[in-house]
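What follows is one structure encoded as structure tokens, with my remarks underneath.
The values are calculated or read from the model by the stated rules, or taken from the named source; none is laboratory data. Source: prediction; values computed, not measured. Here Cβ is always computed from backbone atoms with ideal geometry, including for glycine, and neighbour counts include all displayed protein chains. These accessible areas exclude ligands, DNA and RNA; they are computed on the full protein's heavy atoms, side chains included. Shrake-Rupley method; radii C 1.70, N 1.55, O 1.52, S 1.80 Å.
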Number of protein chains: 2
Amino acid sequence: MAMNQTGEVTAPAELGNLTQFEYLALGSPLNLADGHARQELTPGQIRIVDELPSLWAESVKRPVEEVEAEARRAYLELLGQRRFPDVPERLLSCYSSSVAMEIFARSLARTTDSIMLVHPTFDNIPDILRGVGLRLEPVEEPVLHGAGIPDDRLRSVGCVFVTTPNNPTGRVLSRSALRRLAARCAEHDVVLTLDTSFRGFDTDAHYDHYEVLEASGCRWVVIEDTGKLWPTLELKIGWLASSENVGLPLAEVYSDILLGVSPLVLSMVRRFAEEAAGGGLADLHRFIATNRATLREHLEGVPDVRFPYPSSRASVELIDLGQRTALDVWTALRRHNVYALPCEKFHWANPVEGSRRLRLALSRPASSVLTAAKALRSVLLAG
Amino acid sequence: MAMNQTGEVTAPAELGNLTQFEYLALGSPLNLADGHARQELTPGQIRIVDELPSLWAESVKRPVEEVEAEARRAYLELLGQRRFPDVPERLLSCYSSSVAMEIFARSLARTTDSIMLVHPTFDNIPDILRGVGLRLEPVEEPVLHGAGIPDDRLRSVGCVFVTTPNNPTGRVLSRSALRRLAARCAEHDVVLTLDTSFRGFDTDAHYDHYEVLEASGCRWVVIEDTGKLWPTLELKIGWLASSENVGLPLAEVYSDILLGVSPLVLSMVRRFAEEAAGGGLADLHRFIATNRATLREHLEGVPDVRFPYPSSRASVELIDLGQRTALDVWTALRRHNVYALPCEKFHWANPVEGSRRLRLALSRPASSVLTAAKALRSVLLAG
């Protein structure tokens, strides 16, 4: 693995996955590689950090199931959920969305050997699914949002997995598209799993997903993630929600891996969610929109460059590089100490589709995005 | 899963694993079930919690690899390590020891289908190993500490896994026993894996394990865990250390699951380790010894009850119940709101061996241990 943070040139071809590209960037102030939130805390959020010692004292005193229930409610209501499972085993708190993903994958592999997965998407999803022995079938976004998955393809798998909003495209499965997909999964007894890690950024995804899923009667799983939204130094919760009829040993596999998450992190998530509900979320949306505008403005007029998802509100931005290859641009950017992600590996079933695309993270200080945007402009004009 | 915390009687026979017994106890102030540290913070530790906001500010400013290296060094030197891997991919920081275990298990399963595992031990270890498809061979403690594993048995597996100090017995693999085992693993090209989660409690385990392993030339893995030692509200690090020649895709599987742990947790671990090195660890050893003495004194003279591991210094105590069954005693204790662990499931290859044994956690406030000891005495005298 190329965890080399000293700036030596590691041939990108040797890097096995996107996370390994992200390791390279960890030491740089111009790390626009990973999708974790790394902007500065707002004044309201700094006040919550200052409360940590008292949140700790409170967390010690109170029953953990109460602390957990409050955090869940505050976070999910912020995202437009009115209803959600209120039994612990149907809403399992994990250290991260990837741990939730691992538990889901291990559980699913006991009941089926095949899964249909949105294409493109972040590569640790296909990697975890393959890692437990599942065979993957890609489904393209236009199919999901349009005509739908043909019957024979749907019948050939045990599960359909959709990242919504998708990473890196930002595309959101609308309420009506989710309703149609859930109905067809119910009809064919296929589990429907959503990874909604980026939903906090897009109000189009702030509808009651669980209500739609429940109404369909399908067997469903949803992975929620507090980790992309706030710069909480990797303190986060991944929630693994599921229907009563899901038929997967999620709680059993969960109990192999953890007894529970930190009540301090749960309390902190509750306070960040409360602060967000009181105006912080709208501020965050404006902040990301401003960073997106900065990037787009600086690339304006650069020949042969475009933004293929103009309406994306996710905290990452995808750039079509025209005739330039992503690895060339990535390498040139690195000379400016700017780190981005070349997109081959998002296109897990057909990497060449991503070979002329770059992903940049927007959940960064405005000054970093500005510096990176200028560097990218000069690199693109030169190449 | 029986997460019922309302006190209803759930038939223990329905509980699939020890963690599920531990869930039942989470709501009780007399939870002596799980091995997590739940004693009160010491004054020195409270001062560290009060520093969290400034540790947060510092963690934001400093390169994460520096924060990580300092935490590693402070923790491992506290436990008697003089040398340890200093390349990140050979000392991977995980959310917990169980996440490290899952990464190890998934990596190992790519290269072998069989593993020899110490018997008894905490059941999430065999469960995780079985969960990735490995076939398990038990090895009894007296064999490990005495004559050693016969050649034909050693040759039949891809890995030997030892928990040291063991949970629940507290037995420590001595330097010389480790040296012999490592030499034989090297000879037969078998990976040697240690889970040293409880080593902080026993100075007999504070020798340089990595030096012994390296000197043998064997392929080795060690799982370290800060989570059993200090009452840090489940904020902890599990480290996954390995030899250069290990030949397992640990870093690759790691990168499927996480980009990194929280620098705030790393900074906190460093400060707890520094405080421990300055006297806190000796205080902790005295605290556990006092709780152990309380328990033993209160059970003195109870007919047919004994402590099978009199020299254990682990933060858990094992009690032989004579003719009483562990489930009967567990059920009677529960009427006093006291939660312990019946030991069948530790004996993963032969549960009946644990059916008359109970494990009690000692990393609890002294008053809880006292109340639980009195309740246990009255239950044992009645039954």
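Quick look at the values:
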{"quantity": "Cys with no candidate disulfide partner in chain B (beta-carbon separation under 4.7 Å rule)", "calculated": "B:C94, B:C159, B:C343"}
{"quantity": "Cα gyration tensor shape of the stretch A:216-262, rounded if a/c is under 1.5, else prolate or oblate by comparing a/b with b/c", "calculated": "oblate"}
{"quantity": "Three-way shape label, the stretch B:292-361, alpha-carbon gyration tensor, a/c 1.5", "calculated": "rounded"}
{"quantity": "Taking the C-alpha atoms of the protein assembly as shown, convex hull volume expressed per residue in Å³", "calculated": "144 Å³"}
{"quantity": "Label distances, nm, B:V143 versus same residue in remaining copies, Cβ-directed 7 Å point", "calculated": "5.1"}
{"quantity": "Helical mean residue ellipticity (222 nm; -39500 (n - 2.57) per DSSP H run of 4+; nearest 500) of chain A", "calculated": "-12500 deg cm²/dmol"}
{"quantity": "Per-q log10 I(q)/I(0), the stretch B:247-296, q = 0.13 Å⁻¹ (Debye; single scatterer per alpha-carbon; no solvent)", "calculated": "-0.60"}
{"quantity": "Shortest-first distances to equivalent copies, position B:K374, nm, label 7 Å out along Cβ", "calculated": "7.2"}
{"quantity": "Contact order normalised by residue count of the stretch B:159-209, Cα under 8 Å, 6+ apart, percent", "calculated": "51 percent"}
{"quantity": "Label spacing, shortest first and in nm, from A:E353 to its equivalents in the remaining copies (7 angstrom along Cα→Cβ)", "calculated": "5.3"}
{"quantity": "Karplus 3J(HN,Hα) series, Hz, for the stretch A:98-105 with 6.51 cos²θ - 1.76 cosθ + 1.60 (x for Gly, Pro)", "calculated": "6, 5, 4, 4, 4, 5, 4, 5"}
{"quantity": "Backbone HN-Hα couplings from phi across the stretch A:106-114 [Karplus 6.51/-1.76/1.60, Hz, Gly and Pro as x]", "calculated": "5, 5, 4, 5, 7, 10, 8, 10, 8"}
{"quantity": "Long-range amide H partners of A:D225 with built H, under 5 Å", "calculated": "A:W239"}
{"quantity": "Rounded if a/c under 1.5, otherwise prolate or oblate - the stretch B:54-105, Cα gyration tensor axes", "calculated": "oblate"}
{"quantity": "Cβ charges +1 (Lys, Arg) and -1 (Asp, Glu), total dipole of the protein assembly as shown, debye", "calculated": "380 debye"}
{"quantity": "Which of A:L250, A:L108, A:V212, positive extreme of dipole for chain A (C-beta unit charges)", "calculated": "A:V212"}
{"quantity": "Charge sum, other residues only, whose C-beta stays under 15 Å from B:P308's C-beta, Lys/Arg counted +1 and Asp/Glu -1", "calculated": "+3"}
{"quantity": "Mean Cα-pair separation over length for chain B, i.e. relative contact order, pairs under 8 Å, 6 or more apart, %", "calculated": "24 percent"}
{"quantity": "Within the accessible area of the protein assembly as shown (1.4 Å probe), percent carbon and sulfur", "calculated": "50 percent"}
{"quantity": "Under the Debye formula (equal points on every Cα, no solvent term), log10 I(q)/I(0) of the stretch B:212-324 at q = 0.15, 0.16, 0.19 Å⁻¹", "calculated": "-0.92, -0.97, -1.07"}
{"quantity": "For the stretch B:206-247 and the stretch B:322-383, distance of Cα centres in Å", "calculated": "31 Å"}
{"quantity": "Convex hull of Cα atoms in the stretch B:114-209, direction-averaged projection (nm²)", "calculated": "5.7 nm²"}
{"quantity": "Chain A: most fluctuating residue of A:P168, A:P63, A:P263 per GNM, C-alpha cutoff 10 Å", "calculated": "A:P63"}
{"quantity": "With DNA, RNA and ligands ignored, accessible area of A:K345 (1.4 Å probe; Å², nearest 10)", "calculated": "60 Å²"}
{"quantity": "Accessible surface buried once B binds A (1.4 Å probe; total of both sides; Å²)", "calculated": "4600 Å²"}
{"quantity": "Volume per residue of the C-alpha convex hull in the stretch B:4-133, rounded to whole Å³", "calculated": "192 Å³"}
{"quantity": "Cα centre as origin, Lys/Arg/Asp/Glu Cβ charges: the stretch A:45-274 dipole, Debye", "calculated": "200 debye"}
{"quantity": "FRET efficiency, 1/(1 + (r/R0)^6) with R0 45 Å, evaluated for B:S355 and A:D86 via beta carbons", "calculated": "0.80"}
{"quantity": "Kirkwood hydrodynamic radius over Cα pairs of the stretch A:71-160, then Stokes diffusion coefficient at 10 °C and 1.306 mPa s, in µm²/s", "calculated": "106 µm²/s"}
{"quantity": "Heavy-atom surface of the protein assembly as shown, accessible at 1.4 Å and reported per residue (Å²)", "calculated": "35 Å²"}
{"quantity": "Amide H contacts under 5 Å for A:E137, placed H, 5+ residues apart", "calculated": "A:I115, A:M116, A:L117"}
{"quantity": "GNM result for chain B, Cα springs below 10 Å: residue of B:L213, B:L321, B:L259 fluctuating most strongly", "calculated": "B:L259"}
{"quantity": "For the stretch B:360-372, Karplus couplings with θ = phi - 60° (6.51, -1.76, 1.60), whole Hz, Gly/Pro x", "calculated": "10, 7, 9, 7, 9, x, 4, 5, 5, 5, 4, 4, 5"}
{"quantity": "q = 0.09, 0.11 Å⁻¹: log10 I(q)/I(0) that the Debye formula gives for chain B, counting C-alpha atoms only", "calculated": "-0.51, -0.78"}
{"quantity": "About the Cα centre, charge dipole magnitude for the stretch B:164-322 (Lys/Arg +1, Asp/Glu -1 at Cβ), debye", "calculated": "280 debye"}
{"quantity": "Rg/Rg_globular for the stretch B:264-383, with Rg_globular taken as 2.2 N^0.38 Å and Rg from C-alpha atoms", "calculated": "1.19"}
{"quantity": "Residue among A:H336, A:H347, A:H285 with the largest mean-square fluctuation in a Gaussian network model of chain A, springs linking Cα atoms under 10 Å", "calculated": "A:H336"}
